[in-house]
Every structure is written in structure tokens, then in C-alpha cells.
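Below is one structure, written out as C-alpha cells; comments come after it.
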Amino acid sequence: MTSIFLYGTLRHAPLLELVSGQYLEFLDPVTARLSGYRVAEVEGQGFPLIEEHHGASCEGVLLRDVRDAVAARLNFYELGFGYDLRDVTVETDSGPVVAMAYFPRPGLWRAGADWRLDKWSGECWPVAKHAAREMMEYFGKCSPGEVADRHDMILVRAGARARAEAHPAPATLRCGIGRECVEKAAAEISHAGFFLMRVYRLRHPLFSGGMSEWISREVFISGDAALVLPYDPVRDRVMLIEQFRMGPYARGDGLPWLLEPIAGRIEAGEGAELTARREAVEEAGLRMGNLERIGAFYASPGNSSEYFNCFVGLTDLPDDAAGHGGAEEEQEDIRSHLLPFDEAITLMESGEANVAPLVLMLLWLQRERPRLRVAATDQPIA
């Protein structure tokens, strides 16, 4: 057994319990200090790193005589992300103690301002708790490095769960029964890669009273997405993008290249509007003016957690606006098309525009187009 000094996010008691698999009273953490070091926020990120700093002293907690099983869980959570264990001597109220601490490898990140646990727990914990839960599900099943490789998508899914908790849709017509009334017996991962599949065994309240039979359902667990249809109200034209899609290919569609709006995953800590603007630049080289919100909805609620946030983006679409785009690191190969609004409606009516969000967005634009065109004569759009 060894002692471990924690200076960062694992000082947050709920996270420490989740990662260690132990209640706090069994871990018995004590306050400790490490002289000659400071805890800094990683530039562009919310998590901390530790670095040497003359005259500084970083506060933390010491876990004494940590059992091997608990240490293995802590190492699993930390070591895949470029941290290594090093010996340090920390000060406690009962004297100095030699312990291990997680240090980032040199040059891995840039240190920013001083990191504060209270700031992190207020801003980042709503997402971090869901990410940590998924990460620890992989303990004993894959390596820390494999979890680190999946971390971006883990954060996307965690962000979606946090938004679902914080912003439920109204319940005026529907029954309003809460998820706490659903009895869950199991929720096991059946596939974990870029995407996640989870098998639930549960039963739920019936409209007629009582509970349903126990049911088993496999669900595709995805993140939230932002979609934007670029529209130039002065020229009265839209931009559609075209790309190869796995869904139609897997269905057996002979033409698996589809016309769509611009779309992308909402990263953790990123709002839907920011994502829409970012994706417009990445996929089509467009900078949006006003974003007209259409709404937010589930794509296929019977078997998927995917949730769409849809916008019409007002922008300038000159004759040379169409071209090729996409993020190379995401293997995106995208072609964009400019066409008059009426031609877009024709594609919808013929069935060539056969992606549900695009159809919905075109119908919304058809209704709101007169208002947007009048407003465009009064002010610039981008």
C-alpha cells in the first residue's frame, strides 16, 4: 500500500468517491500541502496541472495507505492522459509524509492561470460526473490509453446528459411522469467505440396504472448536435451540403450520398449556436449572421438518444460560395450546393432531399421566408 497526494479534480469528494469506488469516510482524506509547486489551469481546458513554482504552495488532500484495488482505479482514471506518478513529500498537521502524486509529462500542456476547485466544481462538475461514470465503466475492460482515445466522445455524451438534466422540455399535454419513476435493473454497454450502444433492462409506469413488464432495449447513445441551413434572404437562395453517409449505405440505399444541412456534434462546454457557427466555417467556409432558432428535438426516440438543435443561418451566398469543405482529421469529404429557394422545395417534393431535419428546416423557412426577406432590406445579414 502507498499514500497518494491529490491536488486537482479528485479533491472534489463526489468525484473521488465515484472514481475510487469507496465512500469518503473509508478513504479518510487529510489536508496536505506541497511546497514549491502551484496548480494551474491547462490553457483552453478546465482541468488542472501541477508545476514547480518557487515560493508557492499547493493545497490538496492525502490518502494514506491506499489499498491496491483503490490505487488501481485512481491510476486508471489518471494515467491514460499523459500523467505519471512521482514521489513527493507533503506537509500534514502531523508532519511530513512521502506520497505519490500525478504529474503531467513535460511539454504536454501549457499552464494558464491558477486553478480553483470551487470554480471547476461550479462550472465543470455537471459534465465531469457523467464523463467519469462512463470512464469507470471501462475499468478492467480496456486500458487507460484506450479510454483516453475515446475521451472526446465521452465528453460529448456527458455534455448531452448534463443539458438534458438542466433543460427539460415543457410537459403541458404529456403526462409529466419523471424518469425517477422508471425502475432500472441494468444498463450495460454492448459496444464502445466512437459510438456507444447500451442495453437497458427496465420497467416503467403504465397510463392505465401499475408497471409494465420487464423489458430489454438496446439504445444508441450519442451526443447532441447543432444543424444550420444557410439562407441568403437578399438573393433568396440556400446552401445544401452533400456527403457520403453510413446510415443509407447500411440500409442498402443505392445512392448513399445525401443532401443535408450543415451539422456537427456539440462539444462539452460549447453551446448549440457556437457549434452551428463553427461547423458552418469547417464544412462550407461560411460565417453566419443572425441564427434563427427553429427548435430542438429527438431524431429517433425509439432507439437513439441523439438530439438535434436546428437553426436557419442568415448569411451572404454569392455565386462563388459553393465548393468543398470538411475537417480532414474527421475524414469529411463535403461538397456544397447553392440553389434558389424554390428549387430546394422542388427537391423536397421530389424526395431527393430525403433527410428529415432538412425537410423540417425547409418547411420552417418556407413559412418564415417572407418575414426574413423583408427584414433583410432593413439591415445587413452578415
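Overview of values
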{"item": "Odd one out for Met288 among (1) open to solvent by less than 30 Å² (accessible area, probe 1.4 Å); (2) in a strand (DSSP E or B)", "result": "(2)"}
{"item": "Some residue of the range 342-363 being part of a strand (DSSP E or B) and either among the acidic types (Asp, Glu) or within 29 Å of Cys124 (Cα to Cα) (or both)", "result": "no"}
{"item": "Residue list for the range 344-382, restricted to those being modelled with pLDDT of 95 or more, out of contact with any helix residue (DSSP H, G or I) (no Cβ under 7 Å at 6 or more places or on another chain), more than 17 Å from Cys310 (Cα to Cα) and buried (at least 18 other Cβ atoms within 10 Å of the Cβ)", "result": "Leu347"}
{"item": "Close pairs from the range 316-336: first within 20 Å of Ala376 (Cβ to Cβ) and assigned to a loop (DSSP other than H, G, I, E, B), partner at pLDDT below 95 and open to solvent by 80 Å² or more (accessible area, probe 1.4 Å), Cβ under 6 Å, at least 6 apart", "result": "Asp316/Ala382"}
{"item": "Any hit, the range 61-76, residues being within 24 Å of Glu123 (Cα to Cα) and not hydrophobic (A, V, I, L, M, F, W, C)", "result": "no"}
{"item": "Qualifying residue in the range 63-82 (condition: aliphatic (A, V, I, L, M) and either open to solvent by 80 Å² or more (accessible area, probe 1.4 Å) or over 32 Å from the mean Cα position of the chain (by Cα) (or both))", "result": "yes"}
{"item": "Matching option when the condition is open to solvent by 30 Å² or more (accessible area, probe 1.4 Å) and either under 17 Å from the mean Cα position of the chain (by Cα) or of a type in the set (Lys, Arg) (or both), among Arg105, Arg157", "result": "Arg105"}
{"item": "Scope the range 319-343; condition open to solvent by 10 Å² or more (accessible area, probe 1.4 Å) and under 16 Å from Arg373 (Cα atoms); matching residues", "result": "Pro340, Asp342"}
{"item": "Pair list, Cβ under 8 Å, 6 or more apart: the range 1-29 residue under 14 Å from Tyr77 (Cα atoms) and open to solvent by 20 Å² or more (accessible area, probe 1.4 Å), other residue among the basic types (Lys, Arg) and part of a helix (DSSP H, G or I)", "result": "Leu18/Lys129; Leu18/Arg133; Gly21/Arg73"}
{"item": "Residues satisfying the stated conditions in the range 244-265, i.e. within 15 Å of Phe308 (Cα to Cα), open to solvent by less than 60 Å² (accessible area, probe 1.4 Å) and either among the small types (Gly, Ala, Ser) or in contact (Cβ under 8 Å) with a residue 60 or more places away in the chain (or both)", "result": "Glu260, Pro261, Ala263, Gly264"}
{"item": "Selected residue [among the charged types (D, E, K, R), open to solvent by 40 Å² or more (accessible area, probe 1.4 Å) and either in a loop (DSSP other than H, G, I, E, B) or in contact with a Lys or Arg (Cβ under 8 Å, 6 or more places away or on another chain) (or both)] from Arg278, Arg293, Arg235", "result": "Arg235"}
{"item": "Flag if Val127 is assigned to a helix (DSSP H, G or I), out of contact with any strand residue (DSSP E or B) (no Cβ under 9 Å at 6 or more places or on another chain) and not aromatic (Phe, Trp, Tyr)", "result": "yes"}
{"item": "Sole exception among (1) more than 24 Å from the chain's Cα centre (by Cα); (2) farther than 25 Å from Pro248 by Cβ; (3) touching a residue at least 60 places away in the same chain (Cβ under 8 Å) for Ala268, by number", "result": "(1)"}
{"item": "Yes/no for Val147 being β-branched (Val, Ile, Thr), touching a residue at least 60 places away in the same chain (Cβ under 8 Å) and either under 30 Å from Pro261 (Cβ atoms) or in a loop (DSSP other than H, G, I, E, B) (or both)", "result": "no"}
{"item": "Among residues of the range 89-102, those that are touching a residue at least 60 places away in the same chain (Cβ under 8 Å), assigned to a strand (DSSP E or B) and open to solvent by 10 Å² or more (accessible area, probe 1.4 Å), counted", "result": "4"}
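The values are calculated or read from the model by the stated rules, or taken from the named source; none is laboratory data. Remember, it's a predicted structure, so these values are computed and weren't measured experimentally. Because the Cβ atoms are built from the backbone with ideal geometry, glycine has one as well, and the counts that use them run over all protein chains shown. For accessibility, only protein heavy atoms count, side chains too; no ligands or nucleic acids. Shrake-Rupley method; radii C 1.70, N 1.55, O 1.52, S 1.80 Å.
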